[in-house]
1. Any idea how far apart A116 and D97 come out in nm if each label point goes 7 Å out from Cα toward Cβ?
2. Which ³J(HN,Hα) values in Hz, rounded to whole numbers, follow from the phi angles of region 65-76 under the Karplus curve 6.51 cos²θ - 1.76 cosθ + 1.60, where θ = phi - 60° and Gly and Pro get x?
3. May I ask you to order 68-75, 89-96 by the average number of other C-beta atoms within 10 Å around their residues, highest value first?
4. Give me a comma-separated list of calculated 3J(HN,Hα) values for region 96-113, in order, Karplus coefficients 6.51, -1.76, 1.60 applied at θ = phi - 60°, integers in Hz, x for any Gly or Pro.
5. Amide H neighbours of N118 under 5 Å, at least 5 residues apart or on other chains, H built in the peptide plane: list them.
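All of the numbers you see were taken from the coordinates with simple rules; none came from a lab. Being a predicted model, the structure only gives us computed values, none of them experimental. Positions of Cβ are generated from backbone atoms using ideal geometry, with glycine treated the same way; all protein chains shown enter the neighbour counts.
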Amino acid sequence: MPEEQKEIIDGIISKDDLRDVLASMGQLNVKNEELEAMIKEASGPINFTVFLTMFGEKLKGADPEDVIVSAFKVLDPEGTGFIKKQFLEELLTTQCDRFSAEEMKNLWAAFPPDVAGNVDYKNICYVITHGEEKEE
């Protein structure tokens, strides 16, 4: 396989991965300096959880937590605050920009469902909008 076609899946988001994410969101001509600055913002290698935290910090001025929670509530008509893991996984792997098996593994590592298979989407929304550290 040619070098440029090799893809190493190590759970770490590289500069090229960041470029791809930004391109998928419509930011096509991001400069290397901007990408390097983003990578330097992280306290270490950027895994899925770190990426969510960084992404959440960027979203603080965009959608407030209640807006994101309201989007999840569409999937929770009973208003329990939870979505079944199986249902969420099916949606994320079959609709629109489908999650890969590795991305699902990273999601469940960052936000493990409870013993009944429920995913606390309010916790996910909190991390997206506030970062990992809970305010005391």
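1. Roughly 3.2 nm, to one decimal.
2. 3, 5, 5, 5, 4, 4, 5, 5, 4, 4, 8, 10
3. Details: 68-75: 14.8, 89-96: 12.1.
Result, highest mean Cβ count within 10 Å first: 68-75, 89-96.
4. 6, 7, 5, 6, 7, 4, 5, 5, 5, 4, 5, 4, 5, 5, 7, 9, x, x
5. Result for N118 returns K85.
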